Amino acid sequence: MTVFRLGVLAAVIASLTTCAKTTAPLSIPTSRESKPTLVLFITVDQLRPDYFDRFKSPLTGGLARLLNGGAYFTGAHHDHAITETAPGHATLMSGRFPRRTGITRNLAGVNDSQWRLLAGRDLGAAPFRFRGTTLTDWLLAADPTTRAFSVSAKDRSAILPIGRSKQEVYWFANPGVFTTSIWYRDTVPTWVTAFNARRLPEGFANRSWDLLLPPRSYSEPDSVPVEAFGRDITFPHRFPADSTRAAARMRFTPMMDELTLRFALDGFRQLDLGRGPSIDVMAVSLSATDYVGHFYGPDSRELHDQIVRLDRGLGAFLDTLYTLRDPNKIVVVLTSDHGVAPIPELNNAVRVQLDPLLKPVRQAVLAAGGDSAAIDFESGAFFVDPAKLGARGLTVDQVVEVFVQTASRVPGVRRVDRFADLQRKDLANDEIARRWVQMFPDDLRPVATVTLESGNMFNYPVIATHGSPYRYDSHVPIIFYGPWFKPGRYDRLVRTVDIAPTLAKLLGVTPSEALDGRPLVEALR
């Protein structure tokens, strides 16, 4: 078996850097005289802030640089209830809650067959549900020569930070290619085709993901039966011999981030971003932490190794970027779209079955001559379509009453609320109610919501997950880095919707609409 030991860089994923050592932070002047020419917006999917402290000793790369030299807001939270990837990413550069962006759930995010991909076999995607504007739009309004480039392993993570603007937006799709959709372009650019032609993901066939550090550096056990559905639970984790299957398996390893960063640098060079005088945007969303976290859980040895590799990869990425452009002209932001809960079976929590919540409601609808499609339940939100309830007089209120009574008796459920009742709660002190209210526009509201007991999860086919209004799912880091910010730790409670107004104030642009967030002025010089 060939063991793939990924150091700063992989054997197949070639060097991200040709210069400075990852461990050596650059000396950045503290003057604000230099005008920014690039905003680098880094989102690490499912990054919990406690990882920084748990894994601090081996962090010597990009995460360490940002933590040591940036303005780090330790008390940052998403202030909405369904803490999933699509709603989270949509808030970050818009400064608005989901009730204003219209992106309320992953399954009602960016996907639709009408927006076909230019390469790859996945479902089409575009920001057609996104409402309003983002930082990119505000910059374009001030200077039409501004350009934006966004990349991620996930379509929603690449698309939603930019909003509806038709920029250079790319994501990873089966069978292992970077692509975009007809929302953005008519053809795949030559440089993207050339990158895909290298077939780097297929090169992982018959290789393995092994620990980066010596085994003694990891305190977590390497054999936890509940992880990974009880399969492939110890290092090294071998890739399939079939190259297509190996490319698909790569998503669930740190190598996905390495490939994404490689593509991001390629695009940065090809598009020649950040030279000025305009302010360009590069959004990079790294998804491997989320994939590894879902598969192995946040307390696994695999997650620990992923964070160490993320640190090294970001360090190499920043080193290279700082040789291509003046670091005194680059604004760096790092944050996350959500956190994650521990594996229920390891923390005295339970998986709540969905069928007991919905079966009695479906039966009532069918008995009244209605369509079972009249009801929908996802991520704790219960929806009713009045047009499909049938002709026998069944009302929405009656359906809601059956649901509330049924769901309230299901073990593991903490509270069931009619949405109209949530709006009358003391939102300043009832955090769960506030986050549900800030989740939905008026025309997309559910009729009721279900909040599980802390630590519980709906019985989705993943090992660990997120999506609740609890703080373990909402808590994320916010770090601003560059000569315009005062380094240090800022411990007060802030929200992810505060990032965009902070950047707007720094860059001197005016948001096109009212925002939910406020500038974090204490971090600005």
| request: Please tell me if VAL308 is more than 30 Å from LEU524 (Cα to Cα) and part of a helix (DSSP H, G or I). | output: no
- request: Kindly establish whether PHE229 is in a helix (DSSP H, G or I), at positive phi and in contact (Cβ under 8 Å) with a residue 60 or more places away in the chain.
  value: yes
Selection from the stretch 487-518 of residues surrounded by fewer than 22 Cβ atoms within 10 Å (Cβ to Cβ), within 24 Å of ARG65 (Cβ to Cβ) and in contact with a helix residue (DSSP H, G or I) (Cβ under 6 Å, 6 or more places away or on another chain) yields PRO487
Screening ARG275, ARG245, ARG238, ARG301 for residues that are of a type outside the set (Asp, Glu) and touching a Pro at 6+ places or on another chain (Cβ under 9 Å) leaves only ARG301
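If you check ASN459 against the conditions, is it surrounded by fewer than 22 Cβ atoms within 10 Å (Cβ to Cβ), modelled with pLDDT under 95 and not small (Gly, Ala, Ser)?
Yes, satisfied.
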Among helices (runs of 4 or more DSSP H) entirely within the stretch 36-113, at least 2 residues that are at pLDDT below 95 occur in 50-54
Of the conditions (1) touching a Phe, Trp or Tyr at 6+ places or on another chain (Cβ under 6 Å); (2) part of a helix (DSSP H, G or I); (3) not small (Gly, Ala, Ser), the single one that MET282 does not satisfy is (2)
Cβ pairs under 6 Å, 6+ apart or interchain, first in the stretch 251-268 and in the same structural domain as SER285 (by TED's automatic domain parsing), second crowded, with 23+ Cβ neighbours inside 10 Å and of a type in the set (D, E, K, R), ordered by first then second residue, are PRO254/ARG309
Note on the stretch 430-441: residues without any contact (Cβ under 8 Å) to a residue 24 or more places away in the chain and either under 27 Å from THR289 (Cα atoms) or in a helix (DSSP H, G or I) (or both) are ALA433
Residue set LEU427, LEU444, LEU452; condition free of Cβ contacts under 8 Å to residues at least 24 places away in the same chain and either closer than 24 Å to PRO344 by Cα or not assigned by TED's automatic domain parsing to the domain that holds ASP337 (or both); output residue LEU427
Exactly one of ILE103, ILE82 is under 22 Å from PRO342 (Cβ atoms) and either in contact (Cβ under 8 Å) with a residue 24 or more places away in the chain or among the polar types (S, T, N, Q) (or both), and that one is ILE82
For the stretch 288-329 the number of residues that are surrounded by fewer than 24 Cβ atoms within 10 Å (Cβ to Cβ) and touching a strand residue (DSSP E or B) at 6+ places or on another chain (Cβ under 8 Å) is 4
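Yes or no, residue by residue, for (1) of a type in the set (D, E, K, R); (2) in a loop (DSSP other than H, G, I, E, B); (3) in contact with a His (Cβ under 8 Å, 6 or more places away or on another chain):
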| residue | (1), (2), (3) |
| --- | --- |
| ALA119 | no, yes, no |
| ASP122 | yes, yes, no |
| ARG129 | yes, yes, no |
| THR133 | no, yes, no |
| ASP137 | yes, no, no |
| LEU140 | no, no, no |
Exercise. Evaluate the stretch 237-250: report whether one residue or more is at pLDDT 95 or above, more than 25 Å from ASP155 (Cβ to Cβ) and not aliphatic (A, V, I, L, M).
Key: yes
Within the stretch 487-525, of all residues that are of a type in the set (S, T, N, Q) and in a loop (DSSP other than H, G, I, E, B), the one nearest to LEU139 (Cα to Cα) is THR510
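Might you check whether a residue that is in the same structural domain as ARG245 (by TED's automatic domain parsing) and buried (at least 24 other Cβ atoms within 10 Å of the Cβ) occurs anywhere in the stretch 112-120?
no
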Considering the stretch 445-486, residues that are among the small types (Gly, Ala, Ser) and not in a loop (DSSP other than H, G, I, E, B), and then whichever is nearest to VAL352 (Cα to Cα), we arrive at ALA448
Practice problem: Please verify whether the stretch 298-314 includes one or more residues that are touching a residue at least 40 places away in the same chain (Cβ under 8 Å), of a type in the set (Ser, Thr, Tyr) and farther than 21 Å from PHE485 by Cα. | Solution: yes
Of ARG362, ARG435, the only residue that is of a type in the set (Lys, Arg) and crowded, with 23+ Cβ neighbours inside 10 Å is ARG435
Handout entry: Any chance ARG65 is in contact with a helix residue (DSSP H, G or I) (Cβ under 9 Å, 6 or more places away or on another chain), in contact (Cβ under 8 Å) with a residue 60 or more places away in the chain and basic (Lys, Arg)
Key = yes
Filtering strands (runs of 3 or more DSSP E) wholly in the stretch 320-418 for at least 3 residues that are at pLDDT 95 or above, assigned by TED's automatic domain parsing to the domain that holds GLY61 and in contact with a Leu (Cβ under 6 Å, 6 or more places away or on another chain) gives 330-335
Scanning the stretch 368-385 residue by residue, those within 34 Å of the chain's Cα centre (by Cα) and touching a residue at least 12 places away in the same chain (Cβ under 8 Å) turn out to be ALA373, ALA374, ILE375, PHE377, GLU378, SER379, GLY380, ALA381, PHE382, PHE383, VAL384, ASP385
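The values are calculated or read from the model by the stated rules, or taken from the named source; none is laboratory data. These figures come from a predicted structure and were not determined experimentally. Glycine also receives a Cβ, built like all others from the backbone with ideal geometry; neighbour counts cover every protein chain displayed.
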